1. Taking helices (runs of 4 or more DSSP H) that do not extend beyond region A:164-274, which have at least 2 residues that are more than 22 Å from the chain's Cα centre (by Cα) and modelled with pLDDT of 90 or more?
2. Would you check which residues across region B:1-54 are within 8 Å of chain A (Cβ to nearest Cβ) and at pLDDT 80 or above and list them?
3. Looking at B:Leu258, B:Leu263, which is the one that is in contact with a Gly (Cβ under 9 Å, 6 or more places away or on another chain), in contact (Cβ under 8 Å) with a residue 60 or more places away in the chain, in a helix (DSSP H, G or I) and surrounded by 22 or more Cβ atoms within 10 Å (Cβ to Cβ)?
4. I need the full set of residues from region A:22-39 which are modelled with pLDDT under 85, in contact with a helix residue (DSSP H, G or I) (Cβ under 9 Å, 6 or more places away or on another chain) and over 14 Å from A:Asp379 (Cβ atoms), in order please.
5. For region B:313-347, which residues satisfy the criterion of being assigned to a loop (DSSP other than H, G, I, E, B), crowded, with 22+ Cβ neighbours inside 10 Å and over 23 Å from the mean Cα position of the chain (by Cα)?
6. Give, as residue ranges, the strands (runs of 3 or more DSSP E) completely inside region B:438-542 that count at least 3 residues that are in contact with a Gly (Cβ under 9 Å, 6 or more places away or on another chain).
7. If the Cβ limit is 8 Å and pairs must be 6+ apart or interchain, which residue in region A:353-376 that is of a type in the set (Lys, Arg) pairs with which residue that is in a helix (DSSP H, G or I)?
8. Any idea which residue in region A:150-175 is surrounded by the most Cβ atoms within 10 Å (Cβ to Cβ), counting only those that are under 30 Å from A:Leu65 (Cα atoms) and of a type in the set (D, E, K, R)?
Amino acid sequence: MRPENYQARAHPPSHEYELNFGPNHPGIEGNYALRVRLHGDRVVAARAEGGYLHRGFEKLMEGRLWIQNIALVPRICVPDPSPMEVCYALSVEALCGIEVPPRAQWIRVMQLEMSRIAAHLFTFGGHAATTGLYTNMFWGVADRDRVLDRFEELTGGRVYSIFNLPGGVRRDLPDGFLERLSGLLDYLESRLEDYDELFFRNRVFVRRARGVGVMSQQQALEWGVTGPNLRATGLAFDVRRDDPYLVYDQLDFDIVTEEAGDALARNLVRRGELRQSIRILRQVIERLPAIDGPVRAPIPNPLAWRVPAGETYTRIESSKGELAYYVVSTGGEKPYRVHVRGPSSMHAVQVLERLVVGSRLEDIAQIMFSLDACPPEVDR
Amino acid sequence: MAKIRHDDRGSLLAPLKALGFFTRAPVTETLAPRPASLNYRGFHVNDWSQCIGCGTCQRICDNAAITMVTIPSLPQDPARGIRNQRPAIDYGRCCWCGLCVDICPSGSIALTREYIHICRESELDSYFVLPDPNGIHGQPFPAGWAKSEVSELIDPARQPMKELPAPTRIQGFDEIVQGYEPQQAIDEAARCVQCGLCHEACPTHMHAPEYIRAIWRGDAEEAVRQIYRTNPFAHVCGRVCTHRCEQACSIGNRGEPLAIRWLKRHAMDSVPDERVRELVTQDSVAAPSGRRVAIVGSGPAGLTAAFDLARHGHAVTVYEALARPGGMPRYGIPAYRLPDDRLDADIAVIEAQGVEIRCNTPIGAELTMETLRQQYDAVVLAIGLQLGRSTRIPGSGHRDVHTAVELLRRIREGEALAPPKRVVIIGGGNVAMDIARSLARLQMRRHGAIDITVCALEDFDHFPADPTELKEAREEGVRVLASRGPKEIVIDADGGLGGLKTLGVTSVFDEQGRFAPRYNHEDEQLHEAAWVVEAIGQISDISILGDSLSERLEWDRGRLRVDENGRTAEPWLWSAGDMVRGPDVVHAVADGHRVAASIHQALQQHTEAGS
């Protein structure tokens, strides 16, 4: 006899099974996991499981002096650290009312676009690897290294440049830097055709990526999608143009869009943005020498610096989408609250969970890469 | 931008294009090792001869990667602001941000162009290293990210102090320094890196980092509390202290040191006098001990001792020969540097602790030291240096040859002193500047013009007076001559004073460093004047002690000998201040504390032994 309150446990259908995808999986960027429910090799449901890279950045920032956070923020998104620094600096500047000298603004734009190129090269490479095209991954990493060489020269650090202080940048350009940057751009441009041949026109890639992980523009907007992922659904929205910061309103560049909203379209948007970033950098190289003046506005002794009470939401366009800092100051020596609105947390959680449904097991990795979600930034 | 055509299958031979890569260098070729970039932020290097051990790197480090380690073999010099500590870096925590480099006040630390640190198995703790001038591997690497003006995080410029211009201030004895505006004080206090070198350099170890921080927070009352932890002459030291703290200030290594003295002045001036008394008296809770202490002399040393002893519950009586308490700050420092009412405010706080001050009560014929010995449990002798030394050159006994301290006292007592049109002053210290500038004001009032010549033995590179004093004296029209030694005072046929003859000085000290000036006898000058003022040093008037006591005490070349706590050879008698330490207000305060602590200890032991 069963008790009256007995309820049979609802078991999933016997033809479905659960699979832990990650956290250590070559098809996942960093330590991140999906628990997927599969029917055969078809995904029925998915649940994002993050937290493996949680370091508590937002809380850590409340315990540090305003300037000390500059060393912390680039670690939030390893492949694209410059926007983290610049956006944090812009937030503190907004709270303090610091006017950043024009030369520093141009140098910041230069870093942001260099970082975008490096990040996109990394992402192509990663995506290619998920479809078995390893040469492209080696190329992407090798060419990104050449961008990092220039970062090393400019900032003293290859990955974590820690170069932007509230008020400006820490150093002026080394002698002859713009010529070497120009040489780098020449090299990258010479490589674009190779990338097209090897990757963007590669039938393996095209047939694997087309029609995979499709989202409509409406879905994208509902899910909080930004950046190249949003532009791949046909909406030409870019913070650089629609809410200009630094000197982007003085620069000439196109917003790259695609219509299909699938993994292929997202990669093609990045392919176009790489070219646009080169175009922007060419303009920087041309105009920066004529912009004189300091590269830093004076800031108080960082050991005795109170930022006026207030709050700010400052956003910029990172390689992955809209990145914003919501910073609250109560007039203290440390931030009262810092919230990072990172693009990846949307892309890797609610978007990824939905996009993989209906796709095949082998496409999960490339859907994740096509969204260019960065797990360290999701977890923070 | 051309859209890409995916559907273009291209030629069947398209894959053969890949053959072209055989003729090109591989994209992922192994690069030959190259040196790091010029700005590279690699492992640290620290120039130990430049490093002052201030620990600012430790405070800015966002990962707590830096620990200051004491190196006993290195020099330690608090007066110059040098600590024998050097930063050691935990490379398990360091993130190579380089903020330590950008904030380093001495500019000693830099990051190198060193990419790799290999930890050998035998030295698994080698993540924690002490970088020295050779970096961390004993093999020098070129500096990468180093101090630069652009990335400098320290503000080298001090807030300007508002002062009366020379033409205005020469008209009277109004205070020259006008004090900081509230925002200026906050901005100046914000420059502090809280290294604490000032605290170590200060003779009385004032809690300067704490009160500077309090000023920065806008909490003047807390600043006053911090100041009174170690110094009851707060207003006085905020104005005329010799500010050893500023000589030790780490910011002074590459910029202007913090205006610590002016910040103290600002804190004291921004709290009303009554409130200061309340704040200081609040935590004074000692019950009366029943012990009585007499203090002879109401200068900084005597009154500091009185302040401490009264707060310990002892009944303190201060005997002052002159009409008002204060000692040298009252009778030796001109009012344009220290107005009377500020000194009065300090003394009022001391009196509020229960100290009784008896003015016009000289020790000597009527009230002897012996009487004090009988009536009190302990006696402090803090009479200072009130007599001017004489050069004893020919003519120095003339009636128009004066000593600086005597003239300064007469001016401060309100006597209508009438200096002649021309005055020569012998000496180059701060007292010489004080009397020169005071007489200049009186000359201006009386004659409408200034003619004062100061003749100092030393050259301008080794000038004894404070540079500010020298600068301001010159601005006010005082003529300052360096390297002039007095030869004789010229007396006219009618007995009047004609002037001073001086000789050029070739050296002041001999090979052993002893004071033995040498003159160039061919370089003789006559400075015409109707008065000559000697400002070459002061001595104590020890006649008040009486012969018998003087004989029982020990003396060291005319100076009373005391132990490190200020105790003399007589067990009931302590001595403090200028008469045993030489002239300096903040040393006198420190000495007052020392003596008070020693007396309190002695009285307590006495009480315990007796009960």
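The values are calculated or read from the model by the stated rules, or taken from the named source; none is laboratory data. As the structure is a computational prediction, the values presented were derived from the model and not from experiment. Positions of Cβ are generated from backbone atoms using ideal geometry, with glycine treated the same way; all protein chains shown enter the neighbour counts.
1. The helices (runs of 4 or more DSSP H) meeting that bar are A:177-195.
2. Correct list: B:Ala36, B:Ser37, B:Leu38, B:Asn39, B:Tyr40, B:Arg41.
3. Matching residue, one of B:Leu258, B:Leu263: B:Leu263.
4. Within region A:22-39, A:His25, A:Pro26, A:Gly27 meet the criteria.
5. B:His314, B:Glu320, B:Pro325
6. B:452-455, B:484-491, B:497-509, B:515-528, B:531-534
7. Sorted first by the residue in region A:353-376, then by its partner, the pairs are A:Arg354/A:Gln219.
8. A:Arg170
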